[in-house]
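Below: one structure, written as structure tokens.
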Amino acid sequence: MQKDVFQTDDDGLYLYQSVANELALTPGAFNIPFGAYEDAPPSPPAGKWPRRQGGAWVMVEDYRTTPLWVVETGAPYSLGAEHDGAAGKVSYPGWGKLPAWLTTVEPPQPVIDGEAGA
């Protein structure tokens, strides 16, 4: 016998649905993989993703597929990269509250001389 389980990563973010097998010598008990849970995560609305915190699923902001820029410099930001800003060395994994040093708004591009009169 098998049952559905819901796998998370090391941060508790939902990854995928899997199965747990019943233990042959202990009927009714299942071999649930580490980081998997028996209750299904809720369907996420746009911009959110399920994360396991304690005994419950919560929705966190999800920017893992959203382009981000560093506010101070306008430089594109790669998730998890270390940024040396006014607050010291910081990084952002792409989920959770967007830190003040990042923005989803692309900064204006400088006008190149050849394009100015075009």
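Brief remarks on what is shown
- For residue 27, the conditions (1) touching a residue at least 12 places away in the same chain (Cβ under 8 Å); (2) of a type outside the set (Phe, Trp, Tyr); (3) in a loop (DSSP other than H, G, I, E, B) all hold with the exception of (1).
- Odd one out for residue 83 among (1) of a type outside the set (A, V, I, L, M); (2) touching a residue at least 24 places away in the same chain (Cβ under 8 Å); (3) surrounded by 15 or more Cβ atoms within 10 Å (Cβ to Cβ): (2)
- Qualifying residue in region 46-67 (condition: farther than 21 Å from residue 15 by Cα, among the aromatic types (Phe, Trp, Tyr) and surrounded by 15 or more Cβ atoms within 10 Å (Cβ to Cβ)): no
- The residues of region 12-51 that are in contact with an Asp or Glu (Cβ under 9 Å, 6 or more places away or on another chain) and closer than 15 Å to residue 96 by Cβ, listed by number, are 13, 44, 47, 48, 49, 51.
Taken together, the values in this text are just the output of simple stated rules run on the coordinates, not laboratory data. Small disclaimer: the values here were computed from a predicted structure and weren't measured. As a convention, Cβ positions derive from the backbone with ideal geometry for all residues, glycine included, and neighbour counts pool all protein chains shown.
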